[in-house]
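Notes follow once the structure below has been shown.
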Amino acid sequence: MALRLRLIKAVLECFLWSRHPKMVLYFIRRTGFLPNMFCPQTVNDKFLWRKLFDHDPRFVILSDKLACKEWVEARVPERLKMASVRWVGDSAESIPRGLLKGAALMKANHGSETNLFLRDNRFSDEKIESTIQSWLAYDHGKAHREWAYSRVERKIFIEDEITPQSGELEEIKVFTHGSDVVRLHHIGDRFSRKWANCWNVAADGTMKLSTEQGRVGPPNPGQALPNKVEEAVALAKQLGAEFDQLRVDFIFDGEALWLGELTVYNEAGYVYLPAANDPESRFSQAWDIRNTFFLSHQHRPGFKRLYASALKQYLAASSFREIAPNSMTEN
């Protein structure tokens, strides 16, 4: 069985590399490693694999900043605050003038880095209209094959701006694998002198400052975790329990937790940490692709069905640890 699976793996690995050369080159450029395409072993391998194969229809809901509000509300009613949506549309002309008064935030529902603070009517109609059309024209899923973003029906919306009740707004980003939490980012001063403290979370829930900061931001030594961090972790576990991997983001206003967003492709699917390229790290091993949509659903006859069958056999093989690659450079 081991020899047969090695041969199947070698053939399919070469086929996958030749079928997706652009994504392979992107991966090497971003991570410095060669991807394991047939049976992903590391966090970054698994993000690439998710983009190419694991097209869970629920990812579209999670990636839609409007639809995910309803999805979250159905699972944690009254446990998490959410910014109220004032308007949904596709042009500045259709925005009622009264909605632009007070603290408001304009966003696109189908991507990231689309935020325009509208307080004090400081933007002209022309500026708002050009921003809306620019956002609607951009496909956030195209460059790095973030499949779910490309399937979101594009809309622009305005919601209430979340304002701090004490101090400054802080963010808590929780990395979940099913109901397991492996990592947490605590971020502050995002719009001025951004800082970020990164924490590793053990299987028993113990948190320890990580020595791997990545590109999130410089650390803020001595900054304590918010008093709502345990509640954030509990909520993240509940929301992430349905998936093999999900990042759940919260905003802390000094008193309460608010929904930030749900992220299927962390940093476009590239994690700049040694642990994300190490198949033996807890970060990598906690992500079990056997729980994915791709491997739990029947495919129509064709390549995907053949590949899913071979991969399931490979994962289930009693000699998996012996035949699985230990090197990031194995093809």
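The values are calculated or read from the model by the stated rules, or taken from the named source; none is laboratory data. What you see is a predicted model, and the numbers here were worked out from it, not measured in a lab. Glycine also receives a Cβ, built like all others from the backbone with ideal geometry; neighbour counts cover every protein chain displayed.
Check Gln285 against each of (1) surrounded by fewer than 16 Cβ atoms within 10 Å (Cβ to Cβ); (2) closer than 22 Å to Lys173 by Cβ; (3) in contact (Cβ under 8 Å) with a residue 60 or more places away in the chain and name the one condition it does not meet.
Status for Gln285: all satisfied but (3).
Yes or no: the range 35-43 includes at least one residue that is closer than 29 Å to His299 by Cα, aliphatic (A, V, I, L, M) and part of a helix (DSSP H, G or I).
Yes, there is a match, as at least one residue in the range 35-43 is closer than 29 Å to His299 by Cα, aliphatic (A, V, I, L, M) and part of a helix (DSSP H, G or I).
Please tell me if Phe33 is in contact with a helix residue (DSSP H, G or I) (Cβ under 7 Å, 6 or more places away or on another chain) and either more than 26 Å from Leu262 (Cα to Cα) or charged (D, E, K, R) (or both).
Here the answer is yes, as Phe33 does meet what is asked.
Report, by residue number, each residue of the range 189-215 that is surrounded by 12 or more Cβ atoms within 10 Å (Cβ to Cβ) and among the acidic types (Asp, Glu).
Asp189, Glu212
Test Gln238 against the stated conditions and say whether it is polar (S, T, N, Q), outside any loop (DSSP other than H, G, I, E, B) and within 22 Å of the chain's Cα centre (by Cα).
Yes.
Return the pair list, or none, for Cβ contacts closer than 9 Å from residues in the range 170-197 that are under 16 Å from Phe243 (Cβ atoms) to residues that are among the β-branched types (Val, Ile, Thr) and in a loop (DSSP other than H, G, I, E, B), at least 6 apart or on different chains.
Partner pairs satisfying both residue conditions: Lys173/Val216.
For the range 182-191, state whether one or more residues are in contact with a helix residue (DSSP H, G or I) (Cβ under 6 Å, 6 or more places away or on another chain) and more than 23 Å from Glu73 (Cβ to Cβ).
Looking through the range 182-191, at least one residue is in contact with a helix residue (DSSP H, G or I) (Cβ under 6 Å, 6 or more places away or on another chain) and more than 23 Å from Glu73 (Cβ to Cβ).
Scanning the range 165-179 for residues that are touching a helix residue (DSSP H, G or I) at 6+ places or on another chain (Cβ under 8 Å) and crowded, with 18+ Cβ neighbours inside 10 Å, which turns out nearest to Ala224 (Cα to Cα)?
The selected residue is Ile172.
Quick test for you: out of Gln245, Gln298, pick the one residue that is more than 20 Å from the chain's Cα centre (by Cα) and either at pLDDT below 95 or buried (at least 19 other Cβ atoms within 10 Å of the Cβ) (or both).
The unique qualifying residue is Gln298.
For Val88, state whether it is more than 21 Å from the chain's Cα centre (by Cα) and at pLDDT 95 or above.
The answer is yes for Val88.
If you check Gly222 against the conditions, is it surrounded by fewer than 17 Cβ atoms within 10 Å (Cβ to Cβ), without any contact (Cβ under 8 Å) to a residue 12 or more places away in the chain and outside the structural domain of Val88 (by TED's automatic domain parsing)?
Against the criterion (surrounded by fewer than 17 Cβ atoms within 10 Å (Cβ to Cβ), without any contact (Cβ under 8 Å) to a residue 12 or more places away in the chain and outside the structural domain of Val88 (by TED's automatic domain parsing)), Gly222 qualifies.
Can you pull out the residues in the range 36-45 that are touching a residue at least 40 places away in the same chain (Cβ under 8 Å) and either in contact with a helix residue (DSSP H, G or I) (Cβ under 6 Å, 6 or more places away or on another chain) or surrounded by fewer than 19 Cβ atoms within 10 Å (Cβ to Cβ) (or both)?
Listed by number, the residues that qualify are Asn36, Phe38, Cys39, Pro40, Thr42, Val43, Asn44.
Please go through the range 247-282 and pick out each residue that is part of a loop (DSSP other than H, G, I, E, B) and more than 27 Å from Arg79 (Cβ to Cβ).
Passing the criteria: Tyr270, Val271, Tyr272, Leu273, Asp278, Pro279, Glu280, Ser281.
What residue, among those in the range 194-218 that are of a type in the set (Lys, Arg) and farther than 19 Å from Gln285 by Cα, is modelled with the highest pLDDT?
Within the range 194-218, the match that is modelled with the highest pLDDT is Lys194.
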